[in-house]
Each structure stands twice: as C-alpha cells, then as structure tokens.
C-alpha cells in the first residue's frame, strides 16, 4: 500500500486497483474550503491518469462527518461577484469527479450537508453508514445549493422530493435516504469502508475499458433524446469490439477461466 500525505486537507491511499481519498479536516467536520477544492481537483487528476487505479472510494476522516458543507467563514466574505465564482469553482471540481472515467464510490460516514451532500451526489455510487444524515439546508442561510445540488438531487430522487428537501431545508437519515434513492446501500459505521472496498474490488475485477465505457455511454445519453443515447451506446460498443480486452473476455469465457485484463 502506498500512502500520499502531501496534501493539507485530504489524503490518498492507493492499494492495488482501489484508491481511497479521505477528506481530512475533522475538527471542521471536513468542511469544504478553497484549499480542499484545489486538492480535490489535483488528486482526482492524478488518479484519472494512474492506469493502476480502477475504482476510487471517497470518505471523510473521523466518525462524525463525510463533509458538513462549505466553509462558512469563507462564504461570509463573498459578494455577488465572488459568490458566483465560488459556485463556478465548486461546480467545476464536482463535475470533474462526476465525469471521471473511473467509478467513484462515496462512503458517507456521518453528516453530508450542503456542499458535502453535493459532493456525494457527484459520485457514481453512494454507500451510507446508519449514522449518516444528508441534506441541502442552504435556504436556512439565505442561499441555494451552489455546487450542482439543485440539478443532481432533482435528477436522482425526482423533482417533488428534491424541492421538498431544499425548500424546507430538511435533512434525511440514512434509512430515508435509501428509500428516496439518495443512497444505494446502508450499512453499519463499522462495516462502511469494508463494504465500500468489497464493492470497489468487484467493479475493479471487470474489464477497465468496459467500465469506463459504461460511464461514458450513460453520461452521453443523459438529458438527450433516446436515439442520441442509443447512438452513443453503439459508438462505445463498437469501439470496445476492437479491443484486446474484448477478445480476452470472450476467449476466457469459452475456455472457462478468469480473464486477464490489459486495458487495451
């Protein structure tokens, strides 16, 4: 296992095909500040270019918080111009995470509120501990979600449920988050990272080009007419048919053995 700790607000462990990024401001409940946005951008760029990494787990340090939201002390200083820039920066970094060619699994170990919830929404999949609480309570502060939350939450759980959460600034516990489809699985806090690891290893055992192809086809089809989504699917399917991994996968199936992926 290789651990990198040259960051101020997070750290990253690489263990085989799985990387774990941990937000590491526990005294501030892992609140998102400008430095953390810069470091998230940097670490996800590094992981994107690391061919050995196939799945990324994202969690928060400590047991209390995944991320409690944006750093209020920084937001206090904003005006209409700088506030728009803060929103643009958050959207940029979270979209980078959302568009990663490698699945990103949020392991939500406590509160995920405001920007923290928006960060979880940008991930590919979400596993929550039974202690997790999620919400977008920005209207309590005279704001709206600014890092993509108004769009992603609505797409994920539907317009009415999303509006109810945002308009009332209400949070949901893990069980209700599962019922709404806000998270995909709920486990005990003690089992959270192990469950995340198991899921990551299951995904990492698949053909890496096929995994990135699924993410690409789904992203290309989102918000577009079905025919355009089908066209994107055809393009990805055809491209994969010309790869060595496709030949290996089919040959291994016929020979009743495990495939050896090359990512080619």
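The values are calculated or read from the model by the stated rules, or taken from the named source; none is laboratory data. Since the model is a prediction, treat every value here as computed from it, not as a measurement. We place every Cβ from the backbone using ideal geometry, glycine too, and count neighbours over all the protein chains shown.
For the range 71-87, name all the residues that are out of contact with any strand residue (DSSP E or B) (no Cβ under 7 Å at 6 or more places or on another chain) and part of a loop (DSSP other than H, G, I, E, B).
To start, the set of residues in the range 71-87 that are out of contact with any strand residue (DSSP E or B) (no Cβ under 7 Å at 6 or more places or on another chain) comprises 72-87.
Selection gives 76, 77, 78, 79.
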Residue match in the range 32-49 (condition: in the same structural domain as residue 12 (by TED's automatic domain parsing), touching a helix residue (DSSP H, G or I) at 6+ places or on another chain (Cβ under 6 Å), assigned to a strand (DSSP E or B) and surrounded by 14 or more Cβ atoms within 10 Å (Cβ to Cβ)): yes
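For every residue, the table says whether it meets (1) in the same structural domain as residue 242 (by TED's automatic domain parsing); (2) crowded, with 17+ Cβ neighbours inside 10 Å.
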position: 146; (1), (2): no, yes
position: 166; (1), (2): no, yes
position: 184; (1), (2): no, no
position: 192; (1), (2): no, yes
position: 212; (1), (2): yes, yes
Odd one out for residue 111 among (1) surrounded by 15 or more Cβ atoms within 10 Å (Cβ to Cβ); (2) farther than 23 Å from residue 37 by Cα; (3) touching a strand residue (DSSP E or B) at 6+ places or on another chain (Cβ under 7 Å): (2)
Candidates 213, 238, 196, 249, filtered to the one that is at pLDDT 95 or above, in a helix (DSSP H, G or I), within 30 Å of residue 185 (Cα to Cα) and over 25 Å from the mean Cα position of the chain (by Cα): 249
Before we move on, is residue 58 buried (at least 23 other Cβ atoms within 10 Å of the Cβ), in contact (Cβ under 8 Å) with a residue 60 or more places away in the chain, within 23 Å of residue 186 (Cβ to Cβ) and in the same structural domain as residue 144 (by TED's automatic domain parsing)? yes
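Considering only residues that are over 18 Å from residue 55 (Cα atoms) and without any contact (Cβ under 8 Å) to a residue 60 or more places away in the chain, look in the range 114-136 and name the one that is surrounded by the fewest Cβ atoms within 10 Å (Cβ to Cβ).
Just the residues of the range 114-136 that are over 18 Å from residue 55 (Cα atoms), to begin with: 114-118, 129-136.
Keeping just the survivors that are without any contact (Cβ under 8 Å) to a residue 60 or more places away in the chain gives 114, 117-118, 130, 133-136.
Values: 114: 28, 117: 34, 118: 28, 130: 15, 133: 19, 134: 26, 135: 25, 136: 29.
Restricting to residues being over 18 Å from residue 55 (Cα atoms) and without any contact (Cβ under 8 Å) to a residue 60 or more places away in the chain, the top hit is 130.
Working only within the range 61-73, note down all residues that are exposed (fewer than 15 other Cβ atoms within 10 Å of the Cβ) and either modelled with pLDDT of 90 or more or not assigned by TED's automatic domain parsing to the domain that holds residue 106 (or both).
Filtering the range 61-73 down to residues exposed (fewer than 15 other Cβ atoms within 10 Å of the Cβ) leaves 63-64, 72-73.
Those that are exposed (fewer than 15 other Cβ atoms within 10 Å of the Cβ) and either modelled with pLDDT of 90 or more or not assigned by TED's automatic domain parsing to the domain that holds residue 106 (or both): 63, 64.
Go through the residues of the range 88-100 one by one and say whether even a single one is at pLDDT 95 or above, closer than 30 Å to residue 210 by Cα and part of a loop (DSSP other than H, G, I, E, B).
Restricting attention to the range 88-100, the residues satisfying the condition of being at pLDDT 95 or above are 88-100.
Add one more test, that the residue is closer than 30 Å to residue 210 by Cα, and what stays is 90-100.
When the remaining residues are screened for being part of a loop (DSSP other than H, G, I, E, B), the result is 99-100.
Within the range 88-100, one or more residues are at pLDDT 95 or above, closer than 30 Å to residue 210 by Cα and part of a loop (DSSP other than H, G, I, E, B).
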Residues that are under 21 Å from residue 175 (Cβ atoms), assigned to a loop (DSSP other than H, G, I, E, B) and touching a strand residue (DSSP E or B) at 6+ places or on another chain (Cβ under 8 Å), drawn from the range 115-148: 123, 130, 132, 136, 137
